[in-house]
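**Student:** Below you'll find the structure I mean.
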């Protein structure tokens with residue numbers, strides 16, 4: 001008999017506490033990220049123009065305004081963060097007031113406008129109008145900048 | 001008594017696994033991937049300055065350029081295909097496609113290569129889609145102007 005076992009089996013023990021801590025952190029992280037990306041990038045078919053002369057998404061502070069696509073090219077409403085607004089004149093006014101509050105908090109805010117490619121212009125125009133009049137309401141000295149979000153697949157498209 | 005034996009007798013061999021370095025490394029990797037991940041893959045933007053920006057800073061002596069209006073009206077055929085006709089306001093040749101529109105705008109641009117061009121790069125260009133025009137056609141027209149090198153492209157405000 002080997003003397004290694006003379007005092008009983010050697011105990012191989014792994015301290016699991018740090019691993020459980022890490023796993024818990026990871027779970028919380030992914031839950032939060034999935035919530036954020038679900039709110040901000042609503043799944044839709046963004047326009048994909050040929051030879052797009054676009055710029056990468058800027059790093060400045062921005063708010064994402066989603067025009068939620070509905071069936072048959074209609075829309076279900078406008079969404080900013082977790083706030084959703086009806087596609088009616090009243091909804092557009094509420095959107096305008098909400099954006100004005102955001103502009104007052106941060107005058108340098110950019111608005112990223114995401115709209116489905118099949119959405120009619122008459123459904124996107126109220127969103128553009130709301131952004132412009134929200135900037136006037138907030139009397140922001142800074143420029144209001146709207147970023148129209150499109151898809152540019154650099155693997156498929158020609159390089160600029 | 002051999003050396004090996006006495007070593008084993010001296011105490012219980014401790015074979016516990018130290019997980020701390022592994023967790024450190026995992027944490028570093030997590031931060032690395034978090035920072036380097038782009039959650040909005042393939043999305044790019046067009047930057048639009050809303051007209052409210054230029055209100056205050058307008059030069060009172062500058063002549064107000066008559067904007068070049070690009071009107072988009074739905075053409076016949078299946079509405080879901082989103083065919084549009086492009087109409088340029090003024091005595092211009094009417095482009096049939098967005099590529100034609102780009103060629104027209106590019107050939108009239110006043111820059112170092114074309115000193116006899118007609119429009120300066122900041123000549124106002126207004127995209128004026130009919131209400132039922134799909135958003136991707138609107139973006140196509142916008143793209144043609146931006147791609148041709150114009151910097152002052154906006155949307156029609158009258159119908160909001």
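The values are calculated or read from the model by the stated rules, or taken from the named source; none is laboratory data. Since we're looking at a predicted model, the values are computed, not measured. Every residue, glycine as well, gets a Cβ built from its backbone with ideal geometry; the counts of neighbours run over all protein chains shown.
**Student:** Please give the number of the condition residue B:138 fails out of (1) surrounded by fewer than 13 Cβ atoms within 10 Å (Cβ to Cβ); (2) modelled with pLDDT of 75 or more; (3) within 30 Å of residue A:43 (Cβ to Cβ).
**Tutor:** (1)
**Student:** Which of the residues that make up the stretch B:1-18 are out of contact with any helix residue (DSSP H, G or I) (no Cβ under 6 Å at 6 or more places or on another chain) and either facing chain A (nearest Cβ under 7 Å) or modelled with pLDDT of 85 or more (or both)? Reasoning before the result, please.
**Tutor:** The first filter runs over the stretch B:1-18 and keeps only residues out of contact with any helix residue (DSSP H, G or I) (no Cβ under 6 Å at 6 or more places or on another chain), leaving B:1-4, B:6-7, B:9-18.
Of everything in the stretch B:1-18, those that are out of contact with any helix residue (DSSP H, G or I) (no Cβ under 6 Å at 6 or more places or on another chain) and either facing chain A (nearest Cβ under 7 Å) or modelled with pLDDT of 85 or more (or both) turn out to be B:9, B:12, B:13, B:15, B:16, B:17.
**Student:** Right, another one. Report yes if residue A:95 is over 21 Å from residue B:133 (Cβ atoms), in contact (Cβ under 8 Å) with a residue 12 or more places away in the chain, in contact with a helix residue (DSSP H, G or I) (Cβ under 8 Å, 6 or more places away or on another chain) and buried (at least 23 other Cβ atoms within 10 Å of the Cβ), otherwise no.
**Tutor:** Judged against the criteria, residue A:95 is a match.
**Student:** Residues being surrounded by fewer than 19 Cβ atoms within 10 Å (Cβ to Cβ) and farther than 14 Å from residue B:71 by Cβ: count how many of those fall in the stretch B:125-135.
**Tutor:** Result for the stretch B:125-135: 0.
**Student:** Would you confirm whether or not the stretch B:47-56 contains a residue that is within 8 Å of another protein chain (Cβ to nearest Cβ) and modelled with pLDDT of 80 or more?
**Tutor:** yes
**Student:** Restricting attention to the stretch B:141-160, report how many residues are more than 19 Å from residue A:150 (Cα to Cα) and either surrounded by 24 or more Cβ atoms within 10 Å (Cβ to Cβ) or modelled with pLDDT of 85 or more (or both).
**Tutor:** 0
**Student:** When you check residue A:155 against the structure, is it more than 19 Å from the chain's Cα centre (by Cα), surrounded by fewer than 21 Cβ atoms within 10 Å (Cβ to Cβ) and at pLDDT 90 or above, yes or no?
**Tutor:** Taking the combined requirement at face value, the residue does not satisfy it.
**Student:** Tell me which residues, restricted to the stretch B:100-123, are more than 19 Å from residue B:65 (Cα to Cα) and touching a residue at least 40 places away in the same chain (Cβ under 8 Å).
**Tutor:** Correct list: B:101, B:102.
**Student:** Mind checking which residues of the stretch A:40-86 are out of contact with any strand residue (DSSP E or B) (no Cβ under 8 Å at 6 or more places or on another chain), at pLDDT below 80 and outside any loop (DSSP other than H, G, I, E, B)?
**Tutor:** Passing the criteria: only A:72.
**Student:** Only residues that are under 19 Å from residue B:153 (Cβ atoms) and part of a helix (DSSP H, G or I): list them for the stretch B:81-115, please.
**Tutor:** Result: B:98, B:99, B:100, B:101, B:102, B:103, B:104, B:105, B:106, B:107, B:108.
**Student:** Being at pLDDT 85 or above, within 8 Å of chain A (Cβ to nearest Cβ) and out of contact with any strand residue (DSSP E or B) (no Cβ under 6 Å at 6 or more places or on another chain), is that true of even one residue in the stretch B:103-115?
**Tutor:** no
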